[in-house]
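Readers should treat all values here as calculations from the given coordinates under stated rules, not as data from a laboratory. Bear in mind that the values here come from a model prediction, so they are computed numbers and not experimental data. Note that we place each Cβ from the backbone using ideal geometry, even for glycine, and neighbour counts take in every protein chain shown.
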Amino acid sequence: MNNGCLGTHYSFIPMRTHYQYIIVGAGCAGLQLAVALVREKNLSLESLLIVEATATHEEKTWCFWYPTNHPFEHLVKKSWKNIAFSAPGVSVKEDLQSMRYQYISSEDFYQDQLLVLQQDSRVDFLFEPVQAISADSGINQVVTAKGNISAAYIFHSQPSYPVSEKPFLWQHFLGWEIETATDVFDVDTATMMDFSLTDTAHPLFFHYILPFSSRRALVECTFFSVNLCEKEVYEQLLTQYIAKFIPVPFTILSKEVGKIPMSLPPKKLIAESSTIIPIGTAAGCIKASTGYSFTRCMKHTQAILGWLKKENEIPHPVSAKRFLFYDRLFLTLIQRYPQQMPGIFASLFKNNRVAFILQFLAEQTNLLQEALIFIRLPKRYFIKVLLNRTK
C-alpha cells in the first residue's frame with residue numbers, strides 16, 4: 001500500500017477527534033471490514049477512520065479453498081480444481097468438485113479495497129503507530145503520539161494476549177516463483193503438501209507448488225516449528241527438491257518469504273468494553289493448525305455486520321471450542337513428535353477424501369464426521385498427548 005493509491009482522505013495527523021467507527025489495522029481483516037461497512041445499506045455509516053502504523057504493506061499472497069462465488073472472486077489471480085498430496089509411499093490427487101483452491105495477491109487486494117474506500121468521503125486514513133486502545137470512563141479511545149481519537153466502536157487486529165501462548169509454533173517459508181525451460185507443471189493442480197524430500201536434520205518440512213502455467217509456478221519450502229531457519233536452509237532444500245522432482249533448467253523470477261503464528265487465542269478474549277471488538281489475528285482468525293485466515297476473516301466480517309444490525313452475536317473466539325481443542329492437540333503433536341507428523345499427514349490424506357479434509361479444516365463438519373477422521377489416524381501419539389505422556 002502506498003500514498004499514491006489512497007486518494008485525498010489520508011493523513012499523518014488526526015483529521016477529527018471523534019468517529020463513529022475506528023479500525024486499527026489496514027490488513028486483510030481491517031480492509032475487509034471497512035469496505036463491508038461502506039457497502040452495507042442497512043447501516044447508517046457517518047464516519048470511519050482506518051489507523052495503520054505505516055503507509056506501506058509487505059507484499060504477500062492469500063490462498064484458500066472456497067466455492068467460486070464470493071465477494072473477492074474478481075481478485076482471484078489463479079485457481080486450481082485439483083489438490084495433490086505426496087509423501088513416501090502415498091500419492092493423492094483429487095478434484096475439489098464445487099470448490100476451487102484460490103490465490104489472491106495482497107497487492108491486488110489492497111488496491112481494490114482502497115479504491116472503494118478512497119472514493120468515500122466518510123472514510124479517513126491515519127498513518128501513525130497506536131500506543132494504546134482504552135475505554136476510560138466509558139469512552140473508547142485510540143491513543144497515538146499525535147493525540148487521542150474517540151469512537152463509538154473500535155475494531156482492532158492487535159492481539160491483547162501474549163503471542164507466546166502455549167502451544168506456540170511458526171509456519172515459516174521461502175518460496176521461489178520459477179520459470180522452466182520446458183512444460184512441467186499441471187496447471188489444474190495445486191500441490192498442498194509434498195513430503196517426498198526428507199532430511200534427517202529437519203524432521204518436519206514440506207514443499208508446496210502453485211502452478212500459474214505449464215512453465216511457471218511458485219515452489220515453496222514450508223516448516224512447522226518453534227524455531228525459525230536460516231535463509232540458507234530453505235534455499236538448500238528448495239534447490240534439492242527442484243533438482244530431484246523438477247529436473248529441468250529454470251529461472252527464479254521472484255521470491256516470497258514469511259512466517260505465520262500458529263497459536264491459540266486464550267480461552268477468554270477479554271475486551272476493554274463491549275464496543276471494542278477484536279478482528280483478524282486478535283480475534284483468532286488465523287487458524288492455529290493451518291495458518292489460513294482469508295475466508296475466516298470473511299466470515300467474521302459478516303458476523304460483525306450482523307451484530308451491528310442486532311441480528312446475532314459475534315463469536316469470541318472465532319472457532320468453536322471443539323475445534324480449538326483439535327488445534328491444540330495438533331500443535332502439541334508437532335511440538336513433541338515432529339518426526340512422526342509426515343506419517344500422520346500421509347494417513348490423513350490416504351484415508352480421507354481431500355474435499356472432506358478441507359471441510360474439516362474449514363470447521364464445517366459435525367462430531368460424527370470428525371470422529372471418522374480421527375479413527376482413521378494413527379492413535380498412539382494422539383493418546384500419548386491426551387494422557388500427557390512423553391515416552
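Quick notes on this one:
- Highest-MSF residue in the chain out of GLN102, GLN339, GLN32 [GNM, Cα springs under 10 Å]: GLN339
- Between helix 28-39 and the chain there is an angle of about 50 degrees, using the helix long axis and the longest principal axis of the Cα atoms.
- log₁₀ of I(q)/I(0) at q = 0.16, 0.17 Å⁻¹ - segment 78-152, Debye sum with one point per alpha carbon: -0.80, -0.84
- Taking amide H as placed 1.01 Å from N in the peptide plane, PHE125 has its amide H under 5 Å from the amide H of TYR10, SER11, ILE50, each at least 5 places away in sequence or on another chain.
- Dimensionless Rg over Rh [the chain; C-alpha; Kirkwood]: 0.98
- At q = 0.18 Å⁻¹, base-10 log of I(q)/I(0) for segment 75-227 (Debye sum, equal scatterers on each alpha carbon): -1.14
- Cβ-defined net charge surrounding SER105, 15 Å radius [Lys, Arg +1; Asp, Glu -1]: -4
- Helix 321-336 and the longest principal axis of the C-alpha atoms of the chain enclose an angle of approximately 50°.
- Residues HIS300, HIS74, HIS172, HIS202, sorted so that the one with the fewest Cβ neighbours within 10 Å comes first: HIS74, HIS202, HIS172, HIS300
- For segment 168-261, the direction-averaged projected area of the alpha-carbon convex hull comes to 5.8 nm².
- Amide H contacts for HIS18 (H built 1.01 Å from N in the peptide plane; partners 5 or more residues away or on another chain; cut-off under 5 Å): SER150.
- The ellipsoid equivalent to the alpha-carbon distribution of segment 211-294 has semi-axes of 37, 15, 10 angstrom, derived from the gyration tensor eigenvalues as √(5λ) and listed largest first.
- Using bins of 10 Å that start at zero, the share of Cα-Cα pairs per bin across segment 1-152 amounts to 10, 33, 27, 16, 9, 4, 0, in whole %.
- Derived scalar couplings between HN and Hα for segment 94-103 equal 9, 6, 7, 6, 7, 9, 9, 7, 10, 10 Hz in order, rounded to whole Hz, by the Karplus curve 6.51 cos²θ - 1.76 cosθ + 1.60 (θ = phi - 60°), x for Gly and Pro.
- Other-chain or far-sequence residues with amide H under 5 Å of ILE260's (modelled H): GLN171, HIS172
- Gyration tensor verdict on segment 272-361 (Cα atoms; rounded if a/c is under 1.5, prolate if a/b is larger than b/c, oblate otherwise): prolate
- Helix content alone sets the calculated 222 nm mean residue ellipticity of the chain: runs of n ≥ 4 DSSP H residues at -39500 (n - 2.57) each, divided across all residues, give -8500 deg cm²/dmol.
- Prolate/oblate/rounded label for segment 321-386 (Cα gyration tensor, a/c 1.5): oblate
- Against the main long axis of the alpha-carbon atoms of the chain, helix 231-245 sits at an angle near 50°.
- When each of LYS77/LYS287; LYS244/LYS379; LYS81/LYS244 is checked by Cα-Cα distance, pairs over 28 Å: LYS244/LYS379
- Rounded to the nearest 20 debye, the dipole size of segment 168-261 about its Cα centre is 120 debye, using +1 on the Cβ of Lys and Arg and -1 on the Cβ of Asp and Glu.
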